[in-house]
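Everything below concerns the one structure shown next.
The values are calculated or read from the model by the stated rules, or taken from the named source; none is laboratory data. Because the structure is a prediction, the values reported are computed rather than measured. Cβ placement follows ideal geometry from the backbone for every residue including glycine, while neighbour counts extend to all protein chains displayed.
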Ligand code: 5RP
């Protein structure tokens with residue numbers, strides 16, 4: 001890996017643990033004002049001290065994140081379709097590498113839609129973005145998006161999507177946790193982080209997902225709704241950090257979360 005690319009990656013994949021807690025807040029690019037992310041500044045501000053990176057679009061970055069913040073940025077650079085369309089796979093690159101560099105991004109991210117109508121377009125976008133990333137020292141994260149077809153979240157499908165992303169040159173892949181997740185890890189020669197997906201029913205389920213993913217070889221999480229839609233987002237991200245960086249078990253993290261709930265400030269974002 002070239003020095004600049006390696007250095008950017010080390011900003012958010014913490015060299016001490018080799019792991020990362022990325023906070024995903026890019027949902028608005030196709031979902032609009034998602035619940036509890038209506039005002040990204042209010043949502044993000046209390047969480048910034050606990051995030052190894054935030055995953056956002058350039059619009060949220062410029063308008064909702066103070067430029068004096070030192071949190072590393074994983075910049076979402078794909079889009080072009082919204083939840084109003086049946087086919088979410090019709091994405092293209094929506095932010096140039098030049099703008100990503102101007103914004104001092106630590107990585108760029110795009111969705112790939114393996115098996116969907118616009119599979120070809122998204123995979124070619126990934127390959128082209130990697131060419132640019134290699135030229136400028138910018139890591140590229142491929143997000144194995146499953147669109148509206150959530151039933152595809154099994155090890156067979158995700159192994160295929162992650163491996164194809166790595167083969168096309170992605171430096172990091174974001175995917176979903178699933179049964180037999182170790183098979184997804186085994187077949188993917190680059191590091192994997194997991195998303196959380198829609199908010200789970202219990203805190204325990206969130207922390208067990210994180211612990212399972214780390215135990216099976218993910219290097220971290222890139223999680224959104226299960227953190228900032230929580231009633232105690234600061235306590236939740238701290239409990240997740242304990243799993244990702246300190247090898248806490250799900251059980252230990254749950255105990256931490258309960259203590260954190262008593263100490264954490266009331267959320268500033270309406271229910
Ligand atoms: C949107 C994304 C999100 O960043 C990703 O889904 C992670 O967020 P969540 O944990 O809420 O699923 O890629 O396309």
If I filter the stretch 132-141 down to residues being away from the ligand (no atom under 16 Å from the Cβ) and without any contact (Cβ under 8 Å) to a residue 60 or more places away in the chain, which single residue comes out as surrounded by the most Cβ atoms within 10 Å (Cβ to Cβ)? 132
Checking 110, 172, 129, 123 in turn, the sole residue that is in contact with a strand residue (DSSP E or B) (Cβ under 7 Å, 6 or more places away or on another chain) and farther than 23 Å from residue 220 by Cβ turns out to be 123
Select from the stretch 100-117 the residues that are crowded, with 21+ Cβ neighbours inside 10 Å and closer than 16 Å to residue 87 by Cβ and write down the one among them that is farthest from the chain's Cα centre (by Cα). 116
Odd one out for residue 175 among (1) buried (at least 21 other Cβ atoms within 10 Å of the Cβ); (2) over 14 Å from the mean Cα position of the chain (by Cα): (2)
Under the condition of being at pLDDT 95 or above and in a helix (DSSP H, G or I), which residue from the stretch 131-155 is farthest from the chain's Cα centre (by Cα)? 135
Counting just the residues of the stretch 78-93 that are out of contact with any helix residue (DSSP H, G or I) (no Cβ under 7 Å at 6 or more places or on another chain) and in contact (Cβ under 8 Å) with a residue 60 or more places away in the chain, which one comes out surrounded by the fewest Cβ atoms within 10 Å (Cβ to Cβ)? 86
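A quick yes/no check of all residues on (1) away from the ligand (no atom under 15 Å from the Cβ); (2) touching a helix residue (DSSP H, G or I) at 6+ places or on another chain (Cβ under 8 Å); (3) over 19 Å from residue 22 (Cβ atoms):
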position: 76; (1), (2), (3): no, yes, no
position: 98; (1), (2), (3): yes, no, yes
position: 103; (1), (2), (3): yes, yes, no
position: 107; (1), (2), (3): no, yes, no
position: 120; (1), (2), (3): yes, no, yes
position: 130; (1), (2), (3): yes, no, yes
position: 143; (1), (2), (3): no, no, no
position: 146; (1), (2), (3): no, yes, no
Please verify whether the stretch 42-51 includes one or more residues that are over 25 Å from residue 239 (Cβ atoms), within 15 Å of the chain's Cα centre (by Cα) and free of Cβ contacts under 8 Å to residues at least 60 places away in the same chain. no
Could you figure out which of (1) within 13 Å of the ligand (Cβ to nearest atom); (2) surrounded by fewer than 19 Cβ atoms within 10 Å (Cβ to Cβ); (3) under 17 Å from the mean Cα position of the chain (by Cα) isn't true of residue 32? (3)
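Quick grid of which residues meet (1) surrounded by 13 or more Cβ atoms within 10 Å (Cβ to Cβ); (2) within 15 Å of the ligand (Cβ to nearest atom); (3) on the phi > 0 side of the Ramachandran plot:
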position	(1), (2), (3)
23	yes, yes, no
26	yes, yes, no
36	yes, yes, yes
46	yes, no, no
49	no, no, no
